[in-house]
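The values are calculated or read from the model by the stated rules, or taken from the named source; none is laboratory data. Since we're looking at a predicted model, the values are computed, not measured. Glycine also receives a Cβ, built like all others from the backbone with ideal geometry; neighbour counts cover every protein chain displayed. Just so you know, the surface numbers come from the protein's heavy atoms only, side chains and all, with ligands and any DNA or RNA stripped out. Shrake-Rupley method; radii C 1.70, N 1.55, O 1.52, S 1.80 Å.
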Amino acid sequence: MKITLNVWRQRDASSEGSFETHQLDDVSPDMSFLEMLDVLNRRLEAEGKVPVAFESDCREGICGVCSLMISGQAHGPESGTTTCQLHMRSFKDGDTIFVEPWRAKAFPVIRDLVTDRSSLDRVIQCGGYVSVNTGSVPEANSVQVAKENADKAMDAAACIGCGACVAACPNGSAMLFTAAKLAHLSLLPQGKPEHERRIKRMVEGMDAQGFGACTNHGECQEACPKLISIEFIAKMNRDYIKASLLPEHTSSELLKAQ
Amino acid sequence: MELNARIPAGPIEKKWDKHRFEMKLVNPANKRKYSVIVVGTGLAGASAAASMAELGYQVKSFCYQDSPRRAHSIAAQGGINAAKNYQNDGDSIYRLFYDTVKGGDFRAREANVYRLAQVSVNIIDQCVAQGVPFAREYGGLLANRSFGGAQVSRTFYARGQTGQQLLLGAYQALERQISAGRVKMFPHTEMLDVVVAGGRARGIVVRDLKTGRITSHAADAVVLATGGYSPVYYLSTNAVGCNVTATYRAYRRGAGFANPAFTQIHPTCIPVSGDHQSKLTLMSESLRNDGRIWVPKEKGDGRPANQIPESDRDYYLERRYPSFGNLSPRDVASRAAKERCDAGYGVGPGGLGVYLDFADAIQRHGRKVIEERYGNLFEMYQRITDENPYEVPMRIYPAPHYAMGGLWVDYNLMSTVPGLFVLGEANFSDHGANRLGASALMQGLADGYFIIPNTIGDFLARNAPGGISEDAPEFAAVTDEVQQRLNRLVSLKGRRTVDSFHRELGKIMWDRCGMGRNAQGLREALQRIPALREEFWKDAIVTGEKEDYNQSLERAGRVADFLEFAELMCLDALNREESCGGHFREEYQTAEGEAQRDDQNFCHAAVWEFKGAGNAPQRHIEPLNFEYVQLTQRSYK
Ligand SMILES: Cc1cc2nc3c(=O)[nH]c(=O)nc-3n(C[C@H](O)[C@H](O)[C@H](O)COP(=O)(O)OP(=O)(O)OC[C@H]3O[C@@H](n4cnc5c(N)ncnc54)[C@H](O)[C@@H]3O)c2cc1C
Ligand code: FES
């Protein structure tokens, strides 16, 4: 296949970026999208030019590091697919493809197609965990968990933290990411005790990290490579209101009791 | 090099308790005076960093990815073993211990394996408490599945994403400690060397991958949990960034490297499709619970799989190993696939493939059940191959997957360099010459949650905190060496891409130090690798600047280390004149083509000591004594 690639090149967050055009004449439909970029990069290197910076690691759709906006779609045209799982057979001979980094206020560009997504880790630091230390825990089967809840929690926990939801959202919102973590933990009895405190802190954390608000576009769900449902956002909104209605002293005391 | 395994005396089931009692403790008020560096945030590193911070130590944690959550452990699919005996099918700590020692073909240390089986039960408790959404039965209790090399059902799982869920549990525990200020996290940071001062590991030198800046970090102890080195074969099931740099650099600073030739070739991976390929994708071993492996009985039978009648199929694992059948251990299953393909019965392009067939299981349980069990794996397969495994059997072939070899450690998980501890896949550990499925996750979490938090205290309690800073001359000397090496790399302006060197190395290793090895092939590899390395240092191309975000330089550094390390692997394979587990020396096999051990001469771990660049490394041995599991010819018939 012949492919024309317009790839975004940008030195760093404070520099201006622009597209660079490359022609690839010998693309196999069995290649993954990243393998196609590998071919381009090896060619650039052989010409003594600096290759296009992009991230990848597991190359099987689970680590969440690959993150390309492909002709305007986060992770490209296939539904439920990460960039590294996308194959060139999804494109046609002669296609022109635009490749850009995630664009969001909370994800500054590091180089070319690589952005800094540490803001997502900082949202997790606001309570995206169960506060148990190693050792002092009950026997695993001492608490039964209804299979439906465990399955639903797993649906939410499948998030790979790639940030496609943020990149796809016109507001750069991290609602789907945050809601998925909240749902994962609150659907399980182990995550319940801290639920109110967690939801308040994570929602505030999300705002503090510069993520935008949700105005129900639903783009996040479309872009999500793990098909995580926006139902979780609705659940988060309901739960957040409930948590906010807790008597003021209770919630602020809870907040202080790190 | 002294190899004192420090195995506690006493009966095997009492050793760990006794040892915990005998170890020195650091007083709770003093813990915060000690600092610990943990390199790696996979299951081993994240669980260790979080648990040690909970105890009160000051922890610094490093990983090369942009977030600790992306460590390669995230990709583990099938499950984690634990001797819970929830299925009432005869499992016990002793049986898990026995299966692991036997599965490893009697090349692991009994005391360590027993402890691993003991703490396996605590791991599941811990993970459930963290909110890991393990699969459950309708009654609300935890579900299990079976894995290879065992006749009990002891594997816990979270769909096909067990590693992801376990790692998210450990990562969240780590983030909790980061937010509490007890762990300082350095993502996007690659460790390039260890600093040894006063006979102890006192810190590391790292490169910030975003800026290229080199800094050093001093501490009271250094923990490496940097994973495995399968990408030495170029194509493997590992993440493309997995590397040997951290452990190889530690080896060059005095840490013994044990059994580097012990690598696991996993039987069920999607076959190679072309030259462009950058990695191979695993199809979890759990599929062998329901999938049946076969090839046509007739050589070169060109009919589509579905048109080959039952009578013309050879279910060779069921035929050769009737009691374990499709659940034979990995080394056995991989070799059997290679044997059939080498003999001309393979299927698919180049005849390098065998069928993994779900037709029977779909008929027995219905498509929905199979979808629930393996849906994401089937999808992954279809996405890569464009074939639908619900309708046609999968085609699979073995691929490099796991490193049993690693830095030698004693019972406390300390290497031969005092104060340098090694956890998870990075150490040589508990799996001997062949790891059983679902046991790496178990070992990583055992090391990180339950062993190192105890054993590091014993080391620290014997050494006063502090006493060295990054200004010490030892740090300056190592930093200088690191800088020089980077200068050399970045000035490489030859004609060949780093990637092409890596591919060529991978091919040498796969052909000569892969599933089958022999003296002649290994000797050839030992000639070709140094020549390739020399060419690399003359003719490789590295673009960009040193003090900058530079992926070209990152890769070059890793490949340069593989080019040295590969030689050590071949040397180890050549010196071990026996077959055991995944190390199959073609000269040493039984009449039926099984691995033939030589317990007289090789019942030991081989530990290599670096003797300076250009000098041959020295081989030491740690003899292995089997008091509980009798040394026998492994049989899965
Ligand atoms: C596809 C696949 C599926 C698997 N499935 C299973 C399974 O079902 N069950 C099972 O038990 N096992 C499985 N395994 C094996 C298991 O996943 C690994 O052995 C295990 O996760 C390794 O964990 P770890 O913590 O030792 O290392 P890793 O998870 O590999 O982590 C290594 C860490 O070290 C860091 N690092 C490495 N080098 C450096 C450096 N120089 N500087 C800084 N940081 C560095 C990395 O950033 C990373 O954080 C599977 C493996 C693969 C490849
Ligand atoms: S590279 Fe890991 S998800 Fe794409």
Tilt relative to chain A, helix A:147-157 - C-alpha long axis, 0 to 90 degrees, to 10 = 50 degrees
Fraction of accessible area attributable to carbon and sulfur, chain A (%, probe 1.4 Å) = 52 percent
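Using a 1.4 Å probe and counting only protein heavy atoms, arrange B:Arg320, B:Arg6, B:Arg364 so the residue with the most accessible area comes first.
Numbers: B:Arg320 50, B:Arg6 110, B:Arg364 155 Å².
Of B:Arg320, B:Arg6, B:Arg364, the descending order of accessible area is B:Arg364, B:Arg6, B:Arg320.
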request  = Grab the beta carbon distance between B:Lys611 and B:Asp301, set R0 = 60 Å, and tell me the FRET efficiency rounded to 0.05.
outcome  = 0.65
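So what is the orientation-averaged projected area of the range B:473-600, using the convex hull of its C-alpha atoms, in nm²?
Details: hull surface 41.2 nm².
Average projection, Cα convex hull of the range B:473-600: 10.3 nm².
Looking only at other chains, what is the average number of their beta-carbon atoms within 10 angstrom of each beta-carbon in A:50-57?
Values: counts 7, 7, 1, 5, 1, 6, 5, 14.
That works out to 6 on average.
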key: B/A buried area, accessible surface, summed, 1.4 Å probe, Å²   = 6200 Å²
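Let me know the shape class of the range B:267-401, please: from the alpha-carbon gyration tensor, a ≥ b ≥ c as square roots of the eigenvalues, rounded when a/c is under 1.5, otherwise prolate if a/b is greater than b/c, or oblate. It would help to have the intermediate numbers written out before the result.
Values: a/c = 1.25, a/b = 1.05, b/c = 1.19.
Rounded, since a/c falls under 1.5.
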task = On a C-alpha basis, how far is the centre of the range B:306-375 from the centre of the range B:9-36 in Å? Whole number, if you could?
result = 48 Å
inquiry  = Which one, B:Val498, B:Ala477, B:Gln596, projects farthest toward the positive side of the charge dipole computed for the range B:473-600 from Cβ point charges (K/R +1, D/E -1)?
reply    = B:Val498
task = Multiply the residue separation of B:Gln87 and B:Asn463 by 0.36 nm, subtract the distance between their alpha-carbon atoms, and state the gained length in nm to one decimal.
result = 130.8 nm
message = 7 Å from Cα along Cα→Cβ at both A:Asp25 and B:Lys637: what's the point-to-point distance in nm?
response = 6.0 nm
Of B:Val39, B:Ile370, B:Asn427, farthest towards positive along the dipole that unit charges on Lys, Arg, Asp, Glu beta carbons give chain B = B:Val39
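Please tell me the relative contact order of the range B:396-474 in percent, rounded to the nearest whole number, where contacts are Cα pairs under 8 Å and at least six residues apart.
Numbers: 66 pairs, mean separation 20.4, N = 79.
Relative contact order of the range B:396-474: 26 percent.
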key: Taking chain B and dividing mean pair separation by its residue count, relative contact order in percent (alpha carbons under 8 Å, at least six apart)   = 21 percent
inquiry  = Only four residue types carry charge here, +1 at the Cβ of Lys and Arg and -1 at the Cβ of Asp and Glu. Report the dipole size of the range A:1-48 about the Cα centre in Debye, rounded to the nearest 20.
reply    = 100 debye
message = Checking buried surface per residue: for the range B:46-77, which residues lose a minimum of 20 Å² accessible area in the protein assembly relative to the chain alone (1.4 Å probe)?
response = B:Glu54, B:Asp66, B:Arg69, B:Arg70, B:Ile74, B:Ala75
request  = Rounded, prolate or oblate: pick one for the range A:118-257, where a ≥ b ≥ c are the square roots of the eigenvalues of its C-alpha gyration tensor, a/c under 1.5 means rounded, and failing that, prolate if a/b is larger than b/c, else oblate.
outcome  = oblate
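Could you do me a favour and compute the accessible area per residue for the protein assembly as shown, 1.4 Å probe, result in Å²?
Heavy-atom accessible area per residue stands at 35 Å².
Using the 2.2 N^0.38 Å rule of thumb for compact globular proteins, work out how the protein assembly as shown stacks up: its C-alpha Rg over that value, please.
Working: Rg = 25.9 Å, N = 895, 2.2 N^0.38 = 29.1 Å.
Cα Rg divided by the expected 2.2 N^0.38 Å: 0.89.
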request  = Of the options B:Asn243, B:Ile7, B:Ala82, report the single residue whose Cα projects farthest towards the positive end of the charge dipole of the protein assembly as shown (beta-carbon charges: Lys, Arg +1; Asp, Glu -1).
outcome  = B:Ile7
ask   = Mind checking the dipole of the range A:3-111: about its Cα centre, +1 per Lys or Arg Cβ, -1 per Asp or Glu Cβ, Debye to the nearest 20?
value = 360 debye
task = Restricting things to alpha carbons, tell me how big chain B is in terms of Rg and Dmax, in Å.
result = 23.6, 74
inquiry  = Compute the helix-to-body angle for A:195-208: its Cα long axis versus the longest principal axis of chain A, expressed 0 to 90° and rounded to tens.
reply    = 40 degrees
Pairwise centroid distance, computed over Cα atoms, of the range B:385-460 with the range A:99-168, Å = 25 Å
note = Helix A:175-186: inclination vs chain A longest Cα principal axis, degrees, rounded to 10, gives 40 degrees
Unsatisfied cross-links (Cα-Cα over 30 Å) in the set B:Lys24/B:Lys611; A:Lys2/A:Lys105; A:Lys192/B:Lys84 = B:Lys24/B:Lys611; A:Lys2/A:Lys105
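In terms of the Cα gyration tensor, with a ≥ b ≥ c the square roots of its eigenvalues, is chain A rounded because a/c is under 1.5, prolate because a/b exceeds b/c, or oblate?
Details: a/c = 2.46, a/b = 2.01, b/c = 1.22.
In terms of gyration-tensor shape, prolate.
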query = Where the centre of each part is set by its Cα atoms, how far does the range B:171-199 sit from the range B:592-633, in angstrom?
reply = 34 Å
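Keeping the other protein chains in place, figure out the carbon and sulfur percent of the accessible area of the range B:473-600, with a 1.4 Å probe.
Values: 2320 of 5210 Å².
Accessible surface attributable to carbon and sulfur in the range B:473-600 totals 44 percent.
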message = Using a loss threshold of 20 Å², tell me which positions in the range B:170-186 are less accessible in the complex than in their chain alone. Probe radius 1.4 Å, ligands and nucleic acids ignored.
response = B:Tyr171, B:Gln172, B:Glu175, B:Arg176, B:Ser179
task = Under a 10 Å cutoff between Cα atoms, tell me which one of A:Arg42, A:Arg59, A:Arg201 has the largest fluctuation in the Gaussian network model of chain A.
result = A:Arg42
ask   = Which percent of the accessible area of the range B:362-415 is formed by carbon and sulfur heavy atoms (probe 1.4 angstrom)?
value = 44 percent
request  = Give me the distance in nm between label points sitting 7 Å out from Cα along the Cα-to-Cβ direction at A:Ser244 and B:Glu137, one decimal.
outcome  = 4.5 nm
ask   = Relative contact order, percent, of chain A when contacts are C-alpha pairs under 8 Å separated by at least 6 residues?
value = 19 percent
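Using a 10 Å cut-off on Cβ atoms, rank the peptides B:45-54, B:459-468, B:427-436 from the highest mean neighbour count down. Kindly include the intermediate steps, with their values, before the conclusion.
Values: B:45-54: 31.0, B:459-468: 15.3, B:427-436: 29.1.
Answer by packing, highest mean first, reads B:45-54, B:427-436, B:459-468.
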task = Show the residues, 5+ positions off or on another chain, whose built amide H is closer than 5 Å to the amide H of B:Val36.
result = B:Gln58, B:Val59, B:Lys60, B:Asp220
query = Under a point-charge model restricted to the Cβ atoms of Lys and Arg (+1) and Asp and Glu (-1), what is the dipole moment magnitude of chain B relative to its Cα centre, in debye to the nearest 20?
reply = 840 debye
request  = May I ask you to evaluate 6.51 cos²θ - 1.76 cosθ + 1.60, the Karplus curve with θ = phi - 60°, for each residue of the range A:111-119 and list the ³J(HN,Hα) values in order in whole Hz, giving x for glycine and proline?
outcome  = 6, 6, 9, 9, 10, 9, 10, 5, 4
